[in-house]
Amino acid sequence: MAIPVIDFSKLNGEKRAETLAQIANGCEEWGFFQLVNHGISEELLERVKKVSSECFKLEREENFKNSTLVKKLNELAETKSGKLENVDWEDVVTLLDDNEWPAQTPGFKEIMAEYRSELKKLAAKVMEVMDENLGLPKGYIKKAFDGEGDDAFFGTKVSHYPPCSHPELVNGLRAHTDAGGVILLYQDDVVGGLQILKDGKWIDVQPLPNSIVINTGDQVEVLSNGRYKSVWHRVLAAPEGNRRSIATFYNPSLKATISPAPQLEENVKEEVDQVYPKFVFGDYMSVYAEQKFLPKEPRFQAVGAM
């Protein structure tokens, strides 16, 4: 079983209807799908891959090797006293428009800024396709994320999952659903490890060169009134290979008010699995910070009671 792979360029041709249906299926039945021919050049993606790996080696790897996490894992392996909980075998660099980026790696800032600019355009196109498939006005999801005059959040997480000597004792990244909106992932094209929960089973998100993995977060689930589901996913630690993962999050602004689109509430079935409240996204993030690795349904209930 493999997650859907969709040729995004066919939206502009005679296979538009078929491609729209494929994306709808990816959103409704999987919560994850891969885009190829998405409009971001392979040349740029190769530069992103190269500079992010160089950044880890130059600026991050030594600190990771000497980290408390590595020491704890080695101690646990010696004592054979269980598994490391509440931590992830992951090195993270966060890129926002207004925070400090790694400065020692030649070209990192320029290349990642160019990549983020291209990815933001792709995110807008993906959201417009979701609008169309859901029968919403063009720009509905983007406008909902912007809130009252505030721009949506746009952040990038550059992660590496180095080789782990005892992968059975620690998670690469613990299972969770994403809090926000639309997530665009440029994952390693050699080292796997990303899995999603589908029909009660964990399945691999297969590495595919130059593809962008799309997944929907909790806020898209709410806006779509449950038609699009956010999906549990995780990353496994591995004994070999240094997995690169560049996830970009297009999320609502913290002041945005999120609720099911009225058009979709009107057409809801008599019985629904989840009743979604109306809430401010910042309040949801406060709950999520405490409950990220727990089931999402209580998060909706908690924020609805605020």
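Label zone of residue 17 (point 7 Å out along Cα→Cβ, amide N under 17 Å): in segment 121-136 this covers 132-135. For segment 20-122, the dipole from Cβ point charges (+1 on Lys and Arg, -1 on Asp and Glu) about the Cα centre works out to 220 debye, to the nearest 20.
Summary value for the chain: 21 percent relative contact order, contacts being C-alpha pairs under 8 angstrom separated by 6+ residues.
Relative to the longest principal axis of the Cα atoms of the chain, the long axis of helix 68-79 lies at roughly 70 degrees. According to the square roots a ≥ b ≥ c of the eigenvalues of the Cα gyration tensor, what is the shape class of the chain, taking rounded for a/c under 1.5, prolate for a/b larger than b/c otherwise, and oblate for the remainder? Verdict is prolate for the chain.
Among 13, 139, 192, the residue with the largest mean-square fluctuation in a Gaussian network model of the chain, with springs joining Cα atoms closer than 10 Å, is 13.
Multiplying the residue separation of residue 255 and residue 117 by 0.36 nm and removing their Cα-Cα distance gives an extension gain of 47.3 nm. Taking every DSSP beta bridge that has both ends in segment 5-304, the antiparallel portion is near 95%. Straight-line cross-link partners of residue 10 among the aspartates and glutamates, defined as a Cα under 12 Å from its Cα and at least 8 positions apart when in the same chain: 18.
Spacing of the modelled spin labels on residue 67 and residue 146, each 7 Å from Cα toward Cβ, amounts to 3.7 nm. Under the combined filter of DSSP loop state and at most 10 neighbouring Cβ atoms within 10 Å, segment 197-306 retains these GluC sites (Glu not before Pro): 240, 270, 271. The residue list 32, 67, 92 was ranked by how far each Cα lies along the charge dipole of segment 1-119 toward its positive end, using unit charges on Cβ atoms, and 67 comes out on top.
Every number here is computed from the coordinates shown, using simple stated rules; none is lab data. The shown structure was predicted, so the numbers you read here are calculated from the model rather than taken from an experiment. FYI the Cβ positions are ideal-geometry reconstructions off the backbone, even for glycines, and counts take in every protein chain you see.
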